[in-house]
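**Student:** The structure follows.
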Amino acid sequence: MVQRKGVSLSLVDSPEYTNIDKVQSLMQGIFDLGYDKNIDTDVFWQDSALCAETDPDIFFPEKGGSTAPAMSICQQCTVRSECLEYALSHDIRHGIWGGMSDNDRRRASRERRRARQMEA
């Protein structure tokens, strides 16, 4: 059994691991630079996201490019609200998230701040 940065290769070779799991486990061990890991428990929705099954380039269109393909995928996605909330709470400024462009998300963030100020 070989250890590399806390990853047991015999564990990785177990039959319940898929090839992707093996690669991810090995890469995490190889590229672990010792930085604090901030594990978000709010990202499990990503496993069900339709965008994960789609070409990521459509979610990051060139300036002036069409957002319609990404928006149509978002409209059908079952985790759209979780995706949007993640982008808003993490201040993600690029791409289409939760069916909103970066401009739409900035507007939504401003509206949230105003609403919180009104409540206070």
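**Student:** Within region 41-57, count every residue that is of a type in the set (A, V, I, L, M, F, W, C) and without any contact (Cβ under 8 Å) to a residue 24 or more places away in the chain.
**Tutor:** Within region 41-57, residues that are of a type in the set (A, V, I, L, M, F, W, C) and without any contact (Cβ under 8 Å) to a residue 24 or more places away in the chain number 2.
**Student:** Also, quick follow-up: Could you tell me whether any residue of region 99-117 is loosely packed, with under 11 Cβ neighbours inside 10 Å, on the phi > 0 side of the Ramachandran plot and touching a residue at least 12 places away in the same chain (Cβ under 8 Å)?
**Tutor:** no
**Student:** Here is a follow-up. Read through the list (1) modelled with pLDDT under 90; (2) in a helix (DSSP H, G or I); (3) of a type in the set (F, W, Y), then give the number of the only condition that Y86 fails.
**Tutor:** Y86 satisfies every listed condition except (1).
**Student:** What's the number of the only condition in (1) at pLDDT 90 or above; (2) exposed (fewer than 14 other Cβ atoms within 10 Å of the Cβ); (3) in a helix (DSSP H, G or I) that G65 fails to meet?
**Tutor:** All conditions are met except number (3).
**Student:** Residues S66, S81: which one is of a type in the set (S, T, Y), free of Cβ contacts under 8 Å to residues at least 24 places away in the same chain and over 22 Å from R113 (Cα atoms)?
**Tutor:** S66
The values are calculated or read from the model by the stated rules, or taken from the named source; none is laboratory data. If you're wondering where the values come from, they're calculated on a predicted model, not measured in any experiment. Here Cβ is always computed from backbone atoms with ideal geometry, including for glycine, and neighbour counts include all displayed protein chains.
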